[in-house]
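> Below you will find the structure I want to go over with you.
The values are calculated or read from the model by the stated rules, or taken from the named source; none is laboratory data. Since we're looking at a predicted model, the values are computed, not measured. Note: ideal-geometry Cβ built from the backbone for every residue, glycine included; neighbour counts use all protein chains shown. With ligands, DNA and RNA removed, areas are computed over all heavy atoms of the protein, side chains included. Shrake-Rupley method; radii C 1.70, N 1.55, O 1.52, S 1.80 Å.
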Amino acid sequence: MAFNNQHFTDMSDYINLVRERNREYEASCGRPPLAYVLTFGCQQNEADSERIAGMAQSMGYKLTGSAEESDLIVINTCAVRDHAEKKALSIIGQFKHVKNARPGVLIGVCGCMTAQQHRIDELKNSYPYVDFTLEPALLHRLPEAVFRALSGEKRTFWVGGEEKIIEDVPVRRESSYKAWVSIMYGCNNFCSYCIVPHVRGRERSRDSSQIYREVRALVESGYKDITLLGQNVNSYKSDCDFSALLKKLCSIDGDFKLHFMTSHPKDVPDSLISTIAENEKIARHFHLPLQSGSDRILAAMNRRYTTRHYMSILEKLRALLPDIVVTTDIIVGFPGETDEDFEGTLDIIRRARFDMIFSFIYSKRKSTPAERMENQIPPAVKSERYERLTALQNSISKEKNRQLLDKTVKVLVEGESKNNPDVYAGRTEGGKIVHFKAESILPGSYAYIKINRAEAFALYGELQNKILYNLGEN
Ligand code: SF4
């Protein structure tokens, strides 16, 4: 079929065209073509990969866990840290032998890395076996990219995302009880260390009725944990604001919890705190990135809040919800961070008493203001500060977890523990992992566990009772 003579603009047209070709493939080979999706990075990327897998399935591909045997390989990359980009490039390099062995295999690269011109040039020049790239805002054009590549068109490097929202992209969800729902895309904040606004574009929010429709369908299918995603999720603004959206979603009937991430402290009005407190369907967990305990460094990061403002949010939150789990992100070794600045971070960690922190050693990202800042911190100093920070937080996390000793917590069962198949693992609504023994229990069930051991990163306990997935009390 000559592509150039036709004017298809719709994702579903391309899905149908590729499916037609794949039916022919299946008729001649006796099996459907196979697709392999590899994901790096954050929850947003995991959600995007579920769309990649959904589109691949709609196009007639069967998903496989093996790149070696697949006919379509899609690598969904992350650009937040240099390390993640290098790892993705190294793995893309390993797919050269797959292409050499079977030249008909299509290899596509998408995700944040492919929105940067220097990476596109690198893929163009040094990875000639990559057939196409698609920046995140163009993900819905995967069927078109695949169709063009199958039609023998030359390699395409898709950039310049149309910053609009495409609804009804097919999704193949990894879990039958936990779901990601993207409610907004992009970011307007331009924190000085972050590449996201440069690779995912400006903020755009989905219509609340579309989100409501998606969440209601998930709840009706038995999903228990639904996480609303956005780079700055609480700056959601469409036909309503974020608090109003949460209230609307809490009106859906069913036994489920809403989580959201990632929030920005500048967008936490009192109305959001009271909305969380008043609606039990919103999980008692707030992930609120602090990044630094020094106002001077927060200003250099362009974070647009002070430590005082941050602590006032925590106070209000805990006044209404004393047991809420609060987690945060901290960057260690931002350019110009002095010993005094770092002591400020340790001080706020002691005062805030987070349940857990996700700490990162600052890494330069190309084209960000922080990359060009003077006084980059030597690696040895960054590592030493990182060690001190994590040691302090580990002792706080353990103390906080010990407060749960002898208490019974409700967990959503995830299945056998990854490290020990003799025990099951589940998570509290605050995201704490709990290990326990049970004869047999389905992932997606709720279980009540009496805690008898508490460590910094995990809780252990005894099963008291379980609620089978979708079957009511047992
Ligand atoms: S809020 Fe800041 S750190 Fe978060 S995605 Fe936007 S620019 Fe990056």
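> Taking the stated definitions as given, is residue 222 open to solvent by less than 60 Å² (accessible area, probe 1.4 Å) and either in contact with a Pro (Cβ under 6 Å, 6 or more places away or on another chain) or within 14 Å of the ligand (Cβ to nearest atom) (or both)?
Details: open to solvent by less than 60 Å² (accessible area, probe 1.4 Å): yes; either in contact with a Pro (Cβ under 6 Å, 6 or more places away or on another chain) or within 14 Å of the ligand (Cβ to nearest atom) (or both): no.
No, not satisfied.
> Also, I was wondering about something else. Would you please list the contacts, defined by Cβ atoms under 8 Å and residues six or more apart or on different chains, that run from a residue in the range 183-208 that is in the same structural domain as residue 240 (by TED's automatic domain parsing) and assigned to a strand (DSSP E or B) to a residue that is within 7 Å of the ligand (Cβ to nearest atom) and open to solvent by less than 20 Å² (accessible area, probe 1.4 Å)?
Going by the 8 Å Cβ cut-off, the qualifying pairs are 184/232.
> Among the residues of the range 149-182, write down those that are in a helix (DSSP H, G or I) and closer than 15 Å to residue 55 by Cα. Let's see the steps before the verdict.
If we filter the range 149-182 for residues that are in a helix (DSSP H, G or I), which is where we start, we get 149-150.
Selection gives nothing.
> OK, next. Identify, from the list 98, 74, the residue that is in contact with a helix residue (DSSP H, G or I) (Cβ under 7 Å, 6 or more places away or on another chain), β-branched (Val, Ile, Thr) and either over 20 Å from residue 141 (Cβ atoms) or modelled with pLDDT of 95 or more (or both). Can you show your working first?
Numbers: 98 fails: in contact with a helix residue (DSSP H, G or I) (Cβ under 7 Å, 6 or more places away or on another chain).
After ruling out the rest, the residue left standing is 74.
> Looking only at residues that are free of Cβ contacts under 8 Å to residues at least 60 places away in the same chain and open to solvent by less than 10 Å² (accessible area, probe 1.4 Å) in the range 244-257, which one is farthest from the chain's Cα centre (by Cα)?
Restricting to residues being free of Cβ contacts under 8 Å to residues at least 60 places away in the same chain and open to solvent by less than 10 Å² (accessible area, probe 1.4 Å), the top hit is 252.
> Would you check if there is a residue in the range 4-27 being among the basic types (Lys, Arg), touching a strand residue (DSSP E or B) at 6+ places or on another chain (Cβ under 9 Å) and touching a residue at least 12 places away in the same chain (Cβ under 8 Å)?
Of the range 4-27, the ones among the basic types (Lys, Arg) are 19, 21, 23.
Retained after the next criterion (residues that are touching a strand residue (DSSP E or B) at 6+ places or on another chain (Cβ under 9 Å)): none.
Within the range 4-27 (the criterion being among the basic types (Lys, Arg), touching a strand residue (DSSP E or B) at 6+ places or on another chain (Cβ under 9 Å) and touching a residue at least 12 places away in the same chain (Cβ under 8 Å)), the answer is no, since none of the residues qualifies.
> Kindly check whether there is at least one residue in the range 374-387 that is in contact with a strand residue (DSSP E or B) (Cβ under 7 Å, 6 or more places away or on another chain), at positive phi and not aliphatic (A, V, I, L, M).
Scanning the range 374-387, I find no residue that is in contact with a strand residue (DSSP E or B) (Cβ under 7 Å, 6 or more places away or on another chain), at positive phi and not aliphatic (A, V, I, L, M), so the answer is no.
> Additional query: I'd like to verify a number: residues in the range 174-188 that are open to solvent by 50 Å² or more (accessible area, probe 1.4 Å) and touching a strand residue (DSSP E or B) at 6+ places or on another chain (Cβ under 6 Å), how many?
Keep residues of the range 174-188 that are open to solvent by 50 Å² or more (accessible area, probe 1.4 Å), which gives 174, 176, 178, 180, 188.
Adding the requirement that they be touching a strand residue (DSSP E or B) at 6+ places or on another chain (Cβ under 6 Å) leaves 178, 180.
Final tally of qualifying residues: 2.
> Follow-up question, since we're still on this one. Taking only the range 364-394 into account, find how many residues are of a type outside the set (Asp, Glu) and in a loop (DSSP other than H, G, I, E, B).
Of the range 364-394, the ones of a type outside the set (Asp, Glu) are 364-370, 372-373, 375-383, 385-386, 388-394.
Subset that is in a loop (DSSP other than H, G, I, E, B): 364-368, 373, 375-378.
Total satisfying the criteria: 10.
> Would the range 137-147 turn up any residue that is open to solvent by 50 Å² or more (accessible area, probe 1.4 Å) and of a type in the set (A, V, I, L, M)? Step through it out loud before you land on a result.
Of the residues in the range 137-147, the ones open to solvent by 50 Å² or more (accessible area, probe 1.4 Å) are 141.
After this cut, where a residue has to be of a type in the set (A, V, I, L, M) as well, the list is none.
There is no residue in the range 137-147 that is open to solvent by 50 Å² or more (accessible area, probe 1.4 Å) and of a type in the set (A, V, I, L, M).
> If you check residue 193 against the conditions, is it within 16 Å of the ligand (Cβ to nearest atom) and under 18 Å from the mean Cα position of the chain (by Cα)? Let's see the steps before the verdict.
Details: within 16 Å of the ligand (Cβ to nearest atom): yes; under 18 Å from the mean Cα position of the chain (by Cα): no.
So residue 193 fails the test.
> Can you tell me which residues in the range 274-333 are away from the ligand (no atom under 16 Å from the Cβ), touching a residue at least 60 places away in the same chain (Cβ under 8 Å) and open to solvent by 20 Å² or more (accessible area, probe 1.4 Å)?
284, 285, listed by residue number.
> Can you tell me which of (1) of a type outside the set (S, T, N, Q); (2) assigned to a helix (DSSP H, G or I); (3) more than 16 Å from the ligand (Cβ to nearest atom) is the one residue 258 doesn't meet?
(2)
> Quickly run through the range 71-88 and pick out the residues that are open to solvent by less than 10 Å² (accessible area, probe 1.4 Å) and more than 14 Å from the chain's Cα centre (by Cα).
If the condition is that a residue be open to solvent by less than 10 Å² (accessible area, probe 1.4 Å) and more than 14 Å from the chain's Cα centre (by Cα), then 72, 73, 74, 75, 85, 88 are the ones that fit.
> Evaluate the range 385-398: report whether one residue or more is over 29 Å from residue 336 (Cα atoms) and open to solvent by 50 Å² or more (accessible area, probe 1.4 Å).
Of the residues in the range 385-398, the ones over 29 Å from residue 336 (Cα atoms) are 398.
Of the ones still in play, those that are also open to solvent by 50 Å² or more (accessible area, probe 1.4 Å) are 398.
Yes - at least one qualifying residue is present in the range 385-398.
> Something else: Report, by residue number, each residue of the range 17-47 that is in a helix (DSSP H, G or I) and open to solvent by 20 Å² or more (accessible area, probe 1.4 Å).
Filtering the range 17-47 down to residues in a helix (DSSP H, G or I) leaves 17-29, 43-47.
Passing the criteria: 19, 20, 21, 23, 24, 25, 26, 27, 28, 29, 43, 46.
> Looking at the structure I just gave you, is residue 445 small (Gly, Ala, Ser) and either surrounded by 14 or more Cβ atoms within 10 Å (Cβ to Cβ) or in contact with a Cys (Cβ under 7 Å, 6 or more places away or on another chain) (or both)? Explain how you work it out, then say what you get.
Values: small (Gly, Ala, Ser): yes; either surrounded by 14 or more Cβ atoms within 10 Å (Cβ to Cβ) or in contact with a Cys (Cβ under 7 Å, 6 or more places away or on another chain) (or both): yes.
Criteria met by residue 445.
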